[in-house]
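Student: Below is the structure I would like to discuss, written out as structure tokens.
Each reported figure results from applying straightforward, stated rules to the coordinates on display, with no laboratory input. This is a predicted model, so every value here is computed, not measured.
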Amino acid sequence: MDWLPITKSSSTWRIQPNFTDYQKICADFTWDTVRSELDGLPDGGGLNIAHEAVDRYAAGESSSRVALRWLGKGGQIKDFTYADLKAQSNRFANVLRSLEVGKGERVFSLSGRIPELYFAAFGTLKNTSVFCPLFSAFGPEPIAQRLERGDARVLVTTERLYRKKIAALRPSLPKLQYVLLADSDQDQDETVLSLPRLLDAASPHFIIPPTDPEDMALLHFTSGTTGKPKGAVHVHNAVLTHYLTGKYVLDLHPGDIFWCTADCGWVTGTSYGIIAPLTHGVTNLVDEADFEAERWCRTLEEQRINVWYTAPTAIRMLMRSGMKPREKFDLSQLRLVHSVGEPLNPEAVVWGEEALGMPIHDNWWQTETGGIMIANYAAMEIRPGSMGRPLPGIEAAIVHRNTEGGIELEDQPDCEGELALRVGWPSMFRGYLHDDERYRKCFVGGWYLSGDLAQRDADGYFWFVGRADDIIKTSGHMVGPFEVESALMEHPAVAEVGVIGKPEPMIGELVKAFVALKPGFAESEELRLELLGFARKKLGSAVAPKEIAFTGNLPKTRSGKIMRRLLKARELGLAEGDISTLEES
Ligand code: ATP
Ligand code: MG
């Protein structure tokens, strides 16, 4: 099927989007203007993320607005106003100060999405220490590795997680001085302390010390989709991107209720699950529970979500469940749905129109970029399958590496090459922790090379082809797995697909697809042949898979990304490499 562009007439806008004239805004854009829309610390004290996201709304009228609405797993609801969040994060900053934890020192978190995590994040930033959130479902080994590589001095966690995953490893982590238990009223010893007790004893007043915009603020480990996770370093200046993308991509407006479903253990869950919405003074919904189709749809309805930020894996799960949310739930408040993390098949974009009442807006970025770089915008035409156009202030290009170690910019439309970004945007990572060499290699001639392959069309829309590592070379063609996966996704029996190149002496690599079926469809030789024919018809025989295998579940990272390298390793009987982020199936 050729996917028609989804045009958006202004008569259908429920609210005037913040971003309507792409050419004009891009032409007039400066980062200085963005900076001028932020506050800065008083008396020229610099720029601190926590001030921009919390304290500047914690005075006057907005102070009583709900900053954080927390839904507990068991149905409890707790609201924290901007004033509450300011006081609680101040207390946390004072706790760090009392423990003599200083500037640049790392404060890790390992917990589910509990309110204390948010107090800790902002308190850490206020103290000019570095916040590093970990995903709570990691096993002990990956946790220990990250704590060690990140030089953790403090860890905020829960009693159960401490007992289960950390206690036995403490002797191997001599730098980890304090563990703060968010749900324990009593200290266990001099180093394992009760966070509630410390918060109660701490003052709710704290003056943020001068913060250089280049001071390190966040440390995020990448998803480990292609190999060992890297620790990406971010600075306070990243808040300019958080704010700008909140305005132009998430299209946040006063009074909005925003929900990002990502866990804070991944960069999306911090940049957008903690920071960006608050820089606009809106209400940020946090759901402690994990994905469950009914619950999520009910939450969209009951919490009257206006803007929803989720991931392809969740959308595919909803599609797989066969449910059409808007037939069962009142989604009249929902204005905009965004997705990130993996390619979003055109099928899913269009499914959104029917099932949610609006298309899904894909956007692209990485842990390294700190914030959204390429997006589909509320007011602009969507081309299903495209990641959209670069954010104002971001120069994106398609480049080719040459044999002299340099790059050449591709100026023709629709040509495949590596997606690169001109260096210098505020949330660009400032290093891979303890790996300068690898960091340096990401930059050539003033461009950051993303490791993703893409195409740009004549109108400036970018189309994801695949990760450079996943590209399949078959009979002289380069095949991007995304193209093959998207074609198979159009078949009614297919729920999910992962495509790899399998070495084959005659043709280099053979395209092989692993297919998970929707409920109600059974594996059979007949269906396998049907899928092979279906793909051949759509893609032509040069690109279509030559082999298809059925699988119950595809191996995914815990953030929901298909791990094609693992499909390949298993197919070829090779070592599986770093699987610390592999989801348990
Ligand atoms: P690692 O670098 O450890 O292998 P990772 O690249 O998956 O893991 P992240 O930084 O979380 O870690 O993910 C960024 C990557 O996710 C991008 O480089 C891209 O490959 C993929 N991605 C993100 N958004 C999109 C999108 N909208 N379309 C296609 N791919 C996307
Ligand atoms: Mg990566």
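Student: Restricting to the chain, compute how many DSSP beta bridges are antiparallel as a %, nearest 5.
Tutor: 55 percent
Student: I would also like to ask the following. Extension gain residue 546-residue 4, at 0.36 nm per residue separation less the Cα-Cα distance, in nm?
Tutor: 192.3 nm
Student: Give me the base-10 log of I(q)/I(0) for the range 270-316 at each q in 0.23 Å⁻¹, Debye formula, one uniform scatterer per Cα, rounded to two decimals.
Tutor: -0.98
Student: Whole percent per 10 Å bin, from 0 to the bin with the longest distance: what is P(r) over all C-alpha pairs of the range 470-572?
Tutor: Result returned by the calculation: 16, 51, 30, 3.
Student: Give me the percent relative contact order of the chain, please, defined on Cα pairs under 8 angstrom at least 6 residues apart.
Tutor: Numbers: 1255 pairs, mean separation 72.3, N = 585.
Relative contact order comes out at 12 percent.
Student: Let me ask something else about it. Mind putting together the pair-distance distribution for the range 391-536? All Cα pairs, 10 Å bins, whole percent per bin, short to long.
Tutor: Histogram of Cα-Cα distances, whole percents per bin: 10, 30, 30, 20, 9, 1.
Student: While we're here: Any chance you could list P(r) for the chain, counting all Cα-Cα pairs in 20 angstrom bins from zero, rounded to whole %?
Tutor: Percent of Cα pairs in each bin: 20, 56, 23, 1.
Student: Considering all projection directions equally, how large on average is the shadow of the alpha-carbon convex hull of the range 1-112, in square nanometres?
Tutor: 14.1 nm²
Student: Filter 324/561; 78/103; 103/126; 103/165 down to the pairs with a C-alpha to C-alpha distance above 20 Å, please.
Tutor: In this structure, 324/561; 78/103; 103/165 exceed 20 Å between Cα atoms.
Student: Turning to a different aspect of this structure: If one puts a single equal scatterer on every Cα of the range 185-245 and applies the Debye formula without solvent, what log₁₀ I(q)/I(0) results at q = 0.16, 0.26, 0.27 Å⁻¹?
Tutor: Debye output, listed in q order: -0.89, -0.97, -1.00.
Student: Taking every eigenvalue of the Cα gyration tensor of the range 414-476, multiplying by 5 and rooting it, what semi-axes result, largest first, whole Å?
Tutor: Values: eigenvalues 120, 56, 15 Å².
Value: 24, 17, 9 Å, ordered largest first.
Student: Nearest 5 is fine: what % of DSSP beta bridges in the range 470-572 come out antiparallel, could you say?
Tutor: The antiparallel fraction comes to roughly 80 percent.
Student: Considering the convex hull of the alpha carbon atoms of the range 301-421, report its projected area averaged over all viewing directions, in nm², one decimal.
Tutor: Value for the range 301-421: 9.2 nm².
Student: On to the next question. Take the cross-link list 164/556; 24/230; 518/538 and give me the ones stretching past 27 Å between alpha-carbons.
Tutor: 24/230
Student: Given a cut-off of under 8 Å on Cα pairs at least six residues apart, what relative contact order in percent is computed for the range 470-572?
Tutor: 28 percent
Student: Using the C-alpha gyration tensor of the range 208-315, what are the square roots of 5 times its eigenvalues, in whole angstrom, with the largest one first?
Tutor: On the way: eigenvalues 127, 79, 23 Å².
They are 25, 20, 11 Å, listed from largest to smallest.
Student: I would also like to ask the following. Which distance in Å, rounded to a whole number, links the C-alpha centroids of the range 57-120 and the range 541-560?
Tutor: Centre-to-centre (Cα) distance: 41 Å.
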